[in-house]
Structures are given as C-alpha cells and as structure tokens.
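Here the structure comes first, spelled out in structure tokens, and everything after it is commentary.
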Amino acid sequence: MAQVHLNGLNKVYPNGFEALKPSSFHIEDGEFVVLVGPSGCGKSTLLRMVAGLEEITAGELKIDDRLVNDTDPADRDIAMVFQNYALYPHMSVRKNIAYGLQNRKVGKAEIAQKVAEAAAMLNLGDYLDRKPSQLSGGQRQRVAMGRAIVRDPALFLFDEPLSNLDAKLRNQMRIEIKALQRRLGVTSIYVTHDQVEAMTMADRIIVMNAGRIEQIGTPEDVYHRPASTFVASFMGAPPMNLLPAMANKGVVEFAGTEVHRHEAVEGPLVFGVRPEDIIPDALGEMLLHVDIVEELGAHRLLHGKIGAEQVTMHVGKDTEIASGPLPVSLKPDAVSLFDRATGARL
Amino acid sequence: MKRAGFATRWLPILLLLPQLIIIAVFFYWPAAHAVQSSFYLQDPFGFGSSFVGFDNYTDLLDNSEYRRIAWFTVVFTVLVTFFSLALALLLAVKADKVIRGAKTYRTLLMWVYAVAPPVAGFIGLIMFNQSWGPLTRLFEQVGHDFTLGVNYNDTAFAMVLVSVWKQVPVNFIFFLSGLQSIPKSVREAALIDNRSASGRFWDVTFPLLAPTGFFLLIINITYALFETFGVIDTLVKGEPGNNPMTLVYKVYVDGFRGNDLGGSSAQSVILMILVLALTVFQFRMVERRIHYT
C-alpha cells in the first residue's frame, strides 16, 4: 500500500509530440483512482510512466515518498494488469502467477501457498496446470489478476483490463475487481475509456483530454459539476445537453426562458443540463418537440428540439410519452454554466 | 474448412502435372538411378558395369577416409549450425532494440543474404589470400602462419567461417521477425516481473522464439550438409587434396573426378536416407511440440 505523488509529470516523444502535458496529482493510500478519457488522451501513457514502461521526460514521480523516475519497473513494487492479459503463453497458469515471485527470491513453500491463495480467491484452482491458450477470456483475465495479487505490491496498475471481454463478463469482472481491491486495500490506478467503468469503480476520477487533466474529483463531482464542456459531454450516457444561452444582468436565458440566475456572468455562454434534470411539467415554460422516443426498459430517452436546439431528456418507465410537443421544466440548481470560448465551468 | 471439389478427375491431375514432371525428372529419376547404380561397379572407361550387391556400401563403411570425412561433416555441421544460429540470434536481439537508424542497420545485416555460396567462397579466398589477405595478416599479428588450402585445420576454419557468414543473415531475418511477433505487452509484463535482462531473455523471449529456432535448426543443418558445396568447392579451388571436405563434396569428387559412379551413388543414397530421417523428425516435432497460442 502506498501513496503516489505526481509532480509536473511530462511526456514528450522524440518526434516532438507531447503525449502528456505537465500533470500533478496525489493518490491517497488505498485509493482507487480511475483515469478516463478518449483514445489518445494520454491516460495510458501516464499509467505506463508510473509503471516505468515509458520514460519520464520531466517532472517527479514518487511512490511512498520514494522518487522512482529512473527506477526499473521490477523495483517499483507495482503490479500491472494489461488489456490483452499479457500472459506468458508457454507457461502454465501456475507458473504465470508464480513467475514474479520466483524472481524475487521468495521461498518455494511460500510461493506455493500464495499461488494457492490467489487461485482460490479467483476461482482458478482447477486451471493451474493449463496453458493460457486453453482458457477463456474471463479466465485469462483472472490469471492476470492473480499474477498481480500474489506479488502483494504497493500499487496496482490496470490498463483497460476489461475492454477485451464481452459486456456481461465485463459487468461481472468490474464488480469483482472493485471488491478485490476493497478487500486487499491496495492503492490502484485504473485506465479506461469507458465512463461507466469510471463512474462505478472509482473513488476518484481523473478525466483526461488531449494530454491534459480536465478534472479530478469523485464520480459525483465529475458527473454533477463537470469542470468543462468536455467533461460534461464525455461523462454520462447520454451526455449532458450543452446549449447556447445568453446572460443578461445575471439572468441566463435559453430559448426565451429564464433558466438560471448567476451574478457574475454576462453575454453569450453555454449552459448544460443532464437529460434526467429535465422533467415533464404541465406548467413548464419550455416546450420540447419530441421526435424520437428511445425505449430502454427501465427508462426512456426522448430526443427532440427546444427551439432550434437538439435536446435529450430522460424519463422513468412509468411516464407515458408520445411524440409531439411536451411542456418541460428544469430541476432547480441542476444547471451548469460554461464559458462559450474556453469551455471552462463558470 | 471447406473442401472444394473438381468435377472431373483429369483437371486436378493436369494442373499438378508440370510440378510432378519437374519432380520426376529432376528428383525421382536421378534418385532411382543412383539407387540402382549403387549396386553396380562401373568400368572406369564406361564400357559396362557388373552387379556387386552391397559391396559399395560395405566398402564405404570399411573405408577409414570415408569415416574421417563423415566425422568432419558432423563437426562441420554442428559448428556451422551452432554459430550461425547463435550469432544471428545475438544480432537479432540487438537489432530489435535499436531505435535510431534501425532500418539501415537491418538492411546492412541482411545484405549478405544476396551473396551466392561460390561468391562467398571467393570472398573467403580473398580474405585468406596467402600474400595479402587481410585475415591472413590478422593471424600473422597473433603469430599464426595461416595457410588456406595447405593446413587442414586452417582450411576447415575458413570453411566454417565463410559458411557461417553466409548463413547468418537468413537466420537473422527469421529471428528478428520472430522477436517482433512476440507481443509487446508480454515483454512488458516480464519487465515488471523480472529485473534481470538475461533472466527475461531465457525465461520469456527464448521459449517464445523456440518455434522459429527449431525451424531454423533444421534449415541450418540442411544448409551445412548440402548447400555449403559451393563454398567448399571455391575454397579448395576444386582440388581438395588433403583438405577437409564434407560428404556431399566427397560424392562429387568420387563420382566425377574418380569416376567411381557406384561408390559415389552409394554415398548419395546414404545422404538421401539422412535427409529423409531429418525431414520426418522435423515434421514430427513441428506437429507435436513447440506450438503456442
């Protein structure tokens, strides 16, 4: 278990591409931090820099107050789970799990015991003598987890570990990984491009975009108070509605209706509202012209227009909706305001 | 897998025919001829031949010179195979790590591949030229009077060196592509699991290269046994005398220089059986083991 400090960590490739702009944050002991962002946002680069698989151009990386910028990956006391599992194809499951321990001069009896423990924890007991090629995707993922667990590392690193699994298995493994991390209490950094994984697993989410950290916060924070239009549109499915509005003497107007009051704003801006924060209201001043009703079982998504703007709204399964005009209102204080030029939260 | 069928039996036979004719004319017919003449003793002037049964074979086994050449062939094959593979693997592992100028480096290493064996032998002749060969000079520096074509061991050394030099690029190409087909993440996982670079090589990289290595082992043994003919012929300038030679070269010397067609045929039949055994062994191994994913 350990804390992790990143201080101005920066990555520039030899061809001049800056994959990670100087980034700083701190991870508490036992915390589960999820790095989330679209492909190419630098999240994997950041993780690989922590692992020691990618050289650090500038800045400081500390694991438990130990500067590890130039430390070998094997000496950083980390364990990593890779996207394609990265199991050794020529070794049995048992050897795959034990390999890291053998190289750390752990006694044979202790290795056998630890492997047995990990195998029991991950339901791999029956497969220890098989080769990875004889296992299913989910089982391979478990072996990769086992390889990380037995090492008893200070830090777990997960690089999109679930993206090669089918949807059902992914949901199951998501819960298993989270439960395992809780039980072992090991500080973890988890990289994903799936915002559902980020929301459900994280103690804290770090949203990244174009090599830059957009926001660091709890899932609740990131969801309800996005720091930028990027975060607002990336987190949540369907994403937050981002609509052009005008502020006049502290009154924010959209489609001719007052939607929010904020002292310090003036002129054109972007206002954002989550689909579930728009509610059907017979007395509502806004009219949503519903074009399409998406039936999702537990709830429905209504796609339509308010004025000239495309808007998505979320209603429970018990609300009967037909297409056509629907009077709606916004939940008070559920509105986010962003600068129209920079996209930053106001 | 879907099996496509032909409407008539004659079309597939017709399509196979060119290849079958080539194999028949250039392999089966001469092979059958060799087997036949290995049981005969030819008149030196080509007027006739008499059936002698297995005499040609028993003569060979009793012949101390033949046994000496067979032993040299074994040593030669082991040395050429081992050094070609080891050097190529070393170069491939190093080339795999080169980032800047990687392409130039690799191309330069592969170049020798294009050199034909007799040309390689000729380059060897130049390098070991008695009066001005740079390698002869080098040996002179360390106090050894290197005499290619005169001293048995010196000639053997030159044969091994040139044969290895000629074969390294082929192995290099295969090893390099073998290395590059090892998933990057597997190597990275090893990087986290094991701090020792040599440990990682022997535990992870080398076993994953084993299929490539095994294939190359067979290719190299075949090369050392048969394809080094050109190198040897050039290095001894077609006049072997007391110089070392391999079994294949002995077939040529006895058959075409010594006009002992029967004995020479018996030798080539023995080599044929050797190749057959090697091929069977290779297929068995490839089918059974060293197969991942």
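What follows draws every value from the coordinates through simple rules; no lab data is involved. Here the structure is a predicted model, which means the values were calculated and not measured. Note that we place each Cβ from the backbone using ideal geometry, even for glycine, and neighbour counts take in every protein chain shown.
What shape does the range A:4-233 take by its C-alpha gyration tensor, where a ≥ b ≥ c are the square roots of the eigenvalues and a/c under 1.5 counts as rounded, a/b above b/c as prolate, and the rest as oblate? It would help to have the intermediate numbers written out before the result.
Details: a/c = 1.91, a/b = 1.45, b/c = 1.31.
Judged from the Cα gyration tensor, the range A:4-233 comes out prolate (a/c at least 1.5, a/b above b/c).
Using θ = phi - 60° and the Karplus relation 6.51 cos²θ - 1.76 cosθ + 1.60, list the HN-Hα couplings for the range A:10-26 in order, rounded to whole Hz, with x at every Gly or Pro.
9, 10, 10, 6, x, 7, x, 6, 8, 6, 9, 6, x, 10, 10, 6, 9
Amide H to amide H, which residues 5 or more places from A:Val259 or on other chains are under 5 Å from it, using H placed in the peptide plane?
Amide H to amide H, under 5 Å and 5 or more residues apart or across chains, A:Val259 pairs with A:Val252, A:Glu253, A:Phe254.
With a ≥ b ≥ c taken as the square roots of the eigenvalues of the C-alpha gyration tensor of the range A:72-140, please select rounded if a/c is under 1.5 and otherwise prolate if a/b is larger than b/c or oblate if it is not? Don't skip to the end; give the middle numbers.
Values: a/c = 1.79, a/b = 1.20, b/c = 1.49.
The shape class here is oblate.
Which residue fluctuates most in the GNM of chain B (Cα springs below 10 Å): B:Thr77, B:Thr147, B:Thr228?
B:Thr147
Sort B:265-274, B:39-48, A:118-127 by packing, meaning the average of other beta carbons within 10 Å per residue, with the highest value first. It would help to have the intermediate numbers written out before the result.
Working: B:265-274: 19.7, B:39-48: 12.9, A:118-127: 16.7.
Sorting B:265-274, B:39-48, A:118-127 by mean packing, highest first, produces B:265-274, A:118-127, B:39-48.
For chain B, return all DSSP H helices satisfying: extent of Cα atoms along own axis at least 30 Å; mean Kyte-Doolittle hydropathy at least -0.5. All intermediate terms of the calculation are to be shown ahead of the outcome.
Values: long enough: B:64-97 (50 Å, 1.14); B:152-180 (41 Å, 0.89); B:261-288 (40 Å, 1.23).
Taking the DSSP H segments of chain B (at least 30 Å long, mean hydropathy at least -0.5), we get B:64-97, B:152-180, B:261-288.
Pop a pseudo-label 7 angstrom from the Cα along the beta-carbon direction at both B:Arg195 and B:Phe27 and give the gap in nm to one decimal.
5.5 nm
For chain A, set up a GNM with springs between Cα atoms under 10 Å and report which of A:Asp129, A:Asp194, A:Asp221 has the largest fluctuation.
In the Gaussian network model the winner is A:Asp129.
Please order B:Leu138, A:Leu46 by the number of other Cβ within 10 Å, starting at the fewest.
Values: B:Leu138 12, A:Leu46 27.
So the residues, fewest neighbours to most, are B:Leu138, A:Leu46.
Between A:Leu283 and A:Asp203, what's the calculated FRET efficiency when r is the beta-carbon distance and R0 is 41 Å? Round to 0.05.
Values: r = 41 Å, r/R0 = 0.99.
It comes to 0.50.
Place +1 on the Cβ of every Lys and Arg and -1 on the Cβ of every Asp and Glu in the protein assembly as shown, take the dipole about the Cα centre, and give the residue among B:Leu41, B:Leu208, B:Val78 whose Cα lies farthest towards its positive end.
Going by the charge dipole, the pick is B:Leu41.
Can you list the lysines whose alpha carbon is less than 28 Å from that of A:Lys331, not counting same-chain residues fewer than 8 positions off?
A:Lys249, A:Lys305, A:Lys317
For A:Glu295, A:Glu54, A:Glu253, what's the fewest-to-most ordering of other Cβ within 10 Å of each Cβ?
On the way: A:Glu295 9, A:Glu54 18, A:Glu253 14.
Ascending Cβ contact count within 10 Å gives the list A:Glu295, A:Glu253, A:Glu54.
Connecting C-alpha atoms closer than 10 Å in a GNM of chain A, tell me which of A:Arg225, A:Arg147, A:Arg300 has the biggest fluctuation.
Per the Cα network of chain A with a 10 Å cutoff, A:Arg300 tops the list.
Rounded, prolate or oblate for the range A:29-73? Axes are the square roots of the Cα gyration tensor eigenvalues, ordered a ≥ b ≥ c, and the cut-off for rounded is a/c under 1.5.
Values: a/c = 2.32, a/b = 1.28, b/c = 1.82.
Note, shape of the range A:29-73 comes out oblate.
How large is the charge dipole for the range A:275-346, taken about the Cα centre, if only the Cβ atoms of Lys, Arg (+1) and Asp, Glu (-1) carry charge, to the nearest 20 debye?
I would put it at about 180 debye.
Please give every one of the lysines within straight-line cross-link reach of A:Lys62, meaning a C-alpha to C-alpha distance under 29 Å, and leave out same-chain neighbours fewer than 8 residues apart.
Once the sequence-local lysines are set aside, what remains near A:Lys62 is A:Lys11, A:Lys21, A:Lys43, A:Lys105, A:Lys114, A:Lys178, B:Lys97, B:Lys184.
Give me the lysines in straight-line cross-link reach of A:Lys131: C-alpha distance below 18 Å, same-chain residues under 8 apart excluded.
Excluding near neighbours in sequence, the set is A:Lys95.
For chain B, what's the relative contact order in percent, using C-alpha pairs closer than 8 Å and at least 6 residues apart?
On the way: 292 pairs, mean separation 82.8, N = 293.
It rounds to 28 percent for chain B.
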